[in-house]
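Trainee: Here's a structure for you.
The values are calculated or read from the model by the stated rules, or taken from the named source; none is laboratory data. The model shown is predicted, which means the values in this text are computed figures rather than measured ones. Note that each Cβ is placed from the backbone with ideal geometry, even for glycine, and that neighbours are counted across all protein chains shown. Keep in mind that these areas ignore ligands, DNA and RNA; they rest on the heavy atoms of the full protein, side chains included. Shrake-Rupley method; radii C 1.70, N 1.55, O 1.52, S 1.80 Å.
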Amino acid sequence: METILFLAHTEAGGALGKPALEALGAAAELSQTLGATLVAGLYGADVQCAAHSIATCGATRFLAVQGAELEYPRYATDAAACEALVRASEATIVIAANTSRNSRVMAGVAQRVDGCIDTHVTGAVDASGAVQISRWFYRQRIEGSLTREHRPWILLLDPGSHAPWTGDAGTVQLEQIEVSVSESLKRTTVKGFVTPPADQQTIRPDANLLFVAGAGWTKKQKDGQVHLPDAERLILDFLRKSKASLGSSKSLVDMSGENQASLGFLSHLNQVGQTGASPRHPKGLSTCCHGEEPHTVGWRFIGERRAINLDPNCGWARGKADVLYVADAFEVMSQVNQLLSES
Ligand SMILES: Cc1cc2nc3c(=O)[nH]c(=O)nc-3n(C[C@H](O)[C@H](O)[C@H](O)COP(=O)(O)OP(=O)(O)OC[C@H]3O[C@@H](n4cnc5c(N)ncnc54)[C@H](O)[C@@H]3O)c2cc1C
């Protein structure tokens, strides 16, 4: 019989993040359908509150590795904590969220416990008694289904792939797993985070709308001039009013990286596409972007796609957008902002 370990780190403040709750939803569902044992393993500075919050998830044991040295992500200490949790749980299957913190260490953990790992997993189901997963290959262009006999098998579940676990909190008795944290594990010091101020934070994964700015915003317009300050004002005004998340095309973020005149608030983190991100939002609006294939690869999880382009023959027109407005994005967005101000 399989033993499934739900493995998670706490976020700043001690709670579990949404991706972790999604991984728990998948782990709880799979353990139920398989009739498998579910174990929860948590690591972080102090995991007690997080454990109480998932008390009714069906786990038979709640394992913890906690301490000040686990407050911040650091390869050596995180890998030691995860290894200890996998060993103590005697898990055959480990399900964790594909967060940057987990994905940095889990391949190494798989090596240490003589296990195997699959990343970018989107689902794990019971296929006639065998666990079958679905996962992406080649930047989310190919979806594969597979089973493995090797155990332990570590699965990193992509955020947004499963409904988050919900249930009542309760009281949990933690099983503390001791990990000796020698000085050599603490050679890396986390000095803090550098993040833009909240009002400049343009990447909002939970937003209803993804607004994408393409290189057209920086091109000469019908008066023969470039209108960068207008473009910046229109886009930032729209983001402030709509609370949309900001994506961009490779062409545009490359321009800012190469110090060409571009929109100052964009970085490579905003890039959507084959070599960029594949965000998940119910709706997307692309502006001044041609809609070339490597760019639209990143749109596969966007529910409803709309685009504004002057060119009726742009890539979006060839079946990639649900609605294409053949129009000047400067004019359209200025009217949209006007309407948002009035509403
Ligand atoms: C291996 C590889 C990987 C790649 N990966 C990615 C990736 O991950 N993401 C990505 O984005 N790209 C990627 N690319 C690049 C991609 O192919 C395109 O070159 C890029 O996305 C084009 O960006 P763009 O549409 O912003 O600019 P452009 O192609 O320059 O298009 C600008 C558009 O703006 C329109 N426009 C101009 N003014 C206005 C106006 N006033 N109103 C409305 N429309 C206007 C024009 O009609 C034009 O269609 C990749 C390319 C390769 C070869």
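Trainee: Would you calculate the volume per residue, in Å³, of the smallest convex hull containing every Cα atom of the chain?
Mentor: On the way: hull volume 53.7 nm³, N = 343.
Hull volume normalised by residue count: 157 Å³.
Trainee: When ranked by the protection proxy of mean other Cβ atoms within 10 Å per residue, highest first, what sequence do the peptides 148-158, 127-137 form?
Mentor: Packing order, densest peptide first, comes out as 148-158, 127-137.
Trainee: Determine the distance separating the Cα centre of the range 26-98 from the Cα centre of the range 237-291; give it in Å without decimals.
Mentor: 35
Trainee: So how exposed is TYR72, as accessible area in Å² (1.4 Å probe, rounded to 10)?
Mentor: TYR72 has an accessible surface of roughly 90 Å² with all protein chains in place.
Trainee: What's the magnitude of the charge dipole for the range 44-118 around its Cα centre, counting Lys and Arg as +1 and Asp and Glu as -1 at the beta-carbon? Answer in Debye, nearest 20.
Mentor: Taking the Cα centre of the range 44-118 as origin, the dipole is about 40 debye.
Trainee: If GLU69, GLU183, GLU11 are ordered by their accessible area, calculated over protein heavy atoms with a 1.4 Å probe, which sequence runs from highest to lowest?
Mentor: GLU183, GLU11, GLU69
Trainee: Here's a follow-up. 222 nm [θ] for the chain, helices only, -39500 (n - 2.57) per DSSP H run of 4+, per residue, to 500?
Mentor: Values: 8 runs with 92 residues, N = 343.
After summing the helix terms and dividing by residue count, I get -8000 deg cm²/dmol.
Trainee: Hey, what's the chain come to in accessible area per residue, 1.4 Å probe, Å²? Write down the numbers at each step before the final one.
Mentor: On the way: 16660 Å² over 343 residues.
Per-residue value: 49 Å².
Trainee: Please give, to one decimal in nm, the separation of the simple spin-label points placed at THR166 and LEU310, each 7 Å out from Cα toward the Cβ.
Mentor: If labels sit at THR166 and LEU310, their model points lie 4.7 nm apart.
Trainee: Okay, next question. In whole percent, and with a 1.4 Å probe on the protein chains, what portion of the accessible area of the range 241-343 is carbon and sulfur?
Mentor: Roughly 51 percent of what the probe reaches on the range 241-343 is carbon or sulfur.
Trainee: Same structure, new question: Kindly report, to the nearest 10 Å², the accessible surface of THR171 as traced by a 1.4 Å probe over protein heavy atoms only.
Mentor: 130
Trainee: Something else now. Zone of THR33 (label point 7 Å along Cα→Cβ, backbone N under 15 Å): which residues in the range 145-166?
Mentor: 145-148, 161-163
Trainee: Right, here's the next one. Using all alpha carbons of the range 223-325, what is the percent of pairwise distances in each 10 Å bin, ordered from the shortest bin to the longest?
Mentor: Calculated P(r), rounded to whole percents: 15, 46, 36, 3.
Trainee: Using a 7 Å offset from the Cα along the Cα-to-Cβ direction at both HIS52 and ALA15, what is the distance between the two label points in nm, to one decimal?
Mentor: With each label point 7 Å from Cα toward Cβ, the separation is 1.4 nm.
Trainee: Please sort 46-59, 277-290, 214-227 by packing, taking for each peptide the average over its residues of neighbouring beta carbons within 10 angstrom, highest first.
Mentor: Sorting 46-59, 277-290, 214-227 by mean packing, highest first, produces 277-290, 46-59, 214-227.
Trainee: With a Förster radius of 41 Å, plug the Cβ-Cβ distance of GLN221 and PHE137 into 1/(1 + (r/R0)^6) and report the FRET value to the nearest 0.05.
Mentor: For R0 = 41 Å, the calculated efficiency reads 0.50.
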